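The block underneath contains the structure these notes are about, expressed in structure tokens.
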Amino acid sequence: MSTPDWAALRADFPTLHQDVNGKALVYLDSAATAQKPRVVLDALQDFYLNHNANVHRGLHALSMRATDSYEAARLRTAKFVGAADPAEIVFTRGTTESINLVASSWGAANLKKGDVVLITEMEHHSNLVPWQQIALRTGATLRYVPVVGSDAELGLDLDALDRLLTPEVKLFAFGHGSNTLGIVNDAADLCARARKVGAITVVDAAQTIGHQPVDVRAIGCDFLAFSGHKMAGPTGIGGLYGRKALLDAMPPYQLGGGMISVVDFFETKFKPSPERFEAGTPNVADAVALVAAMDYLDAVGREAIAAHDRELAAYAATALAELPGIRILGPRPGQPRAGLVSFALKDAHAHDVVTFADQDGIALRGGHHCNQPLMKKLGLPSSTRASFYLYNTREEVDRLIVSLRRIVKFFSGV
Amino acid sequence: MSDLTDLYQQVILDHNRRPRNRGKLPTANRVAHGDNPTCGDQCSVYIRLEGDRIAEIGFDGSGCAISQASASLMTTQLKGKTAAEAQALFDNFHHIVTTGEAPEEISDVAAFAGVHSFPARIKCATLGWHAALNALKSEPTDASTE
Ligand SMILES: Cc1ncc(COP(=O)(O)O)c(C=O)c1O
């Protein structure tokens, strides 16, 4: 495998080439949403300019073309995540909707009092609130696998996980990559442990899908949720992988056109999955543009992207450690770091840091990162996050460090 | 960073580093809590109302320099005031942070005029004020159980 020409790839992302507050933009917020290469924007435009029609209902040329493209996108997505059957891919708005689909459909049909839903303390609100609420509605008990360790050695308590995995656990949902801690969990290991007690597994792959190879068969999960916009694709499209047998046994999530086979005035027969879960006109254009993103990432190579992002994050973590009074969050030694670093400065609150960095043209994220309970546990009201993608460079990290030095100086008053 | 030094005037940095009236008031009979869900900033305001005047006021919470300094300055402004006077002071403060028009006379609140160029931060500047006004509107609490 030849090393990609990273500098040349950077030129593929038009949004990056602009000034912000008079300085060249340094975009370090890809964990929130990634920038898009021109091929994705072109695919989106090409669909609307040349092929736009509704799918699955028309018999005319454009409609058939749109339907073919939409189903080709499903096939491509199945291949991208390693699913054997394209019918195991449901298109959704993204990770949040995918998890809500499983919680409301599978959860409402299968959970009852006495059952346990197990999640972890490092979950994004998207993989926490749906389980919390479905547990409240069904009478199931919600339990958490603790996050343990000091700032720079954080991780799931695997002994506690094994103790918590009792036969009452019907479902175990966890994040593959944490958007706050920069930890990548060993999804295959976690699923194997859960399978021993017969629990259904749900993997939130929002942070890993565009950054490393993700293969549902290698992981051995029952469901996997992801968002297109975090993998250089458009917003408004994402997916849910679900094992076919499970999907086919689940009741519909939303009701309407596109998901029915026979409708009578007083009863309806539903289509099998995946159509059963795609009520209404689907997001055809974004699904088609998502294909361009997947092709782009695979052409660069997901292993290469993972190595690049992690190298930058490690470089950043080492440089950040030099700043006085800094707390850096991260995984235990030996566990992979996602392409991001979260940190807190003693004298400057995350929001002040983000405002100052923005004046230097640097886009960071500051706050609780949709992870309020975890931040509370770590004793951090907020943290600042720099996240990296294939288009970021060491020079950009250097600019971040210069900016942060100035911020520390300003707020500590020395 | 000229815009920013405007925003983070000495007054703000000073209140952020050495907040006034920080801490829970055991004698408070009016309490309210405010938070800013987008950033996680939090502020609780404790007031002891005597007759219709604020006899004592304190705050605690966590947040950015703007929110903490603003809450601190707010407590120094509201002590001894009635609810109506507090509302008028807030209206004045709100005008400053949303328009950038500082009053003629030199005052600490004028330091917050720079906030108006950073619309995302206006909510930070008004967090403590909103909590205080809500506390004044709230039902009396039993100070001993608070
Ligand atoms: C770990 C994780 N899960 C879920 C989500 C939610 O993704 P979306 O907003 O695209 O639905 C995010 C996005 O921030 C995330 O980082």
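Within straight-line reach of A:Lys269, meaning a Cα separation under 23 Å, sit the following lysines at least 8 residues removed in sequence or on another chain: A:Lys244. Mean-square fluctuations from a GNM of chain A, with a 10 angstrom spring cutoff on Cα atoms, peak among A:Gly82, A:Gly22, A:Gly258 at A:Gly22. For chain B, what relative contact order do you get, as a whole percent, if you take Cα pairs closer than 8 Å and at least 6 residues apart? Relative contact order, chain B: 32 percent.
Only one residue of A:Ile305, A:Pro274, A:Leu340 has its Cα farthest out toward the positive end of the dipole of segment A:264-359, where Lys and Arg carry +1 and Asp and Glu -1 on Cβ, and that residue is A:Leu340. The helix-based estimate of mean residue ellipticity at 222 nm for the protein assembly as shown, built from -39,500 (n - 2.57) per DSSP H run of four or more residues and divided by its residue count, is -11500 deg cm²/dmol to the nearest 500.
Relative to the first principal axis of the alpha-carbon coordinates of chain A, what is the inclination of helix A:61-81, with its axis defined by its Cα atoms, in degrees from 0 to 90 and to the nearest 10? The answer is roughly 60 degrees.
In segment A:330-373, comparing the full protein assembly with the chain on its own, the residues that lose 40 Å² or more of accessible surface at a 1.4 Å probe are A:His349, A:His351, A:Asp352, A:Thr355, A:Phe356, A:Gln359, A:His368. A simple charge model with +1 on the Cβ of Lys and Arg, -1 on the Cβ of Asp and Glu and nothing else charged puts the dipole of segment B:2-138 at about 560 debye relative to its Cα centre.
In segment B:31-58, the residues whose accessible area drops by at least 30 square angstrom when the other protein chains are added to the isolated chain are B:Cys39; the probe is 1.4 Å and only protein heavy atoms count.
A straight Cα-to-Cα reach below 16 Å connects A:Lys230 with the aspartates and glutamates A:Asp29, A:Glu97, A:Asp204, A:Asp286, A:Asp295, A:Asp298, A:Asp309, residues fewer than 8 places away in its own chain not being considered. The overall shape of segment B:2-138, judged from the alpha-carbon gyration tensor, is prolate: a/c is not under 1.5, and a/b is greater than b/c. Measuring between their Cα centroids, segment A:210-274 and segment A:331-389 lie 32 Å from each other.
Within the accessible area of segment A:42-298, the carbon and sulfur atoms contribute 54%, probe 1.4 Å, all protein chains present.
Short-range pairs are left out: with C-alpha atoms under 8 Å and at least six residues apart, the relative contact order of chain A is 22 percent.
What is segment A:294-414 by shape, rounded, prolate or oblate, if you read a ≥ b ≥ c off the alpha carbon gyration tensor as root eigenvalues and call it rounded for a/c under 1.5, prolate for a/b larger than b/c, and oblate otherwise? Because a/c hits 1.5 or more and a/b exceeds b/c, segment A:294-414 counts as prolate. Taking a straight line from the alpha carbon of A:Lys409, these aspartates and glutamates sit under 14 Å away, with near neighbours fewer than eight places off in the same chain left out: A:Glu322, A:Asp347, A:Asp352. Excluding ligands, DNA and RNA and using a 1.4 Å probe, chains B and A jointly bury around 1400 Å² of accessible surface, summed across both partners. For the protein assembly as shown, the solvent-accessible area of protein heavy atoms averages 41 Å² per residue (probe radius 1.4 Å; ligands and nucleic acids excluded).
The values are calculated or read from the model by the stated rules, or taken from the named source; none is laboratory data. Keep in mind that what you see is a predicted model, and the values were worked out from it rather than measured. Positions of Cβ are backbone-derived with ideal geometry, glycine not excepted, and every protein chain shown enters the neighbour counts. Just so you know, the surface numbers come from the protein's heavy atoms only, side chains and all, with ligands and any DNA or RNA stripped out. Shrake-Rupley method; radii C 1.70, N 1.55, O 1.52, S 1.80 Å.
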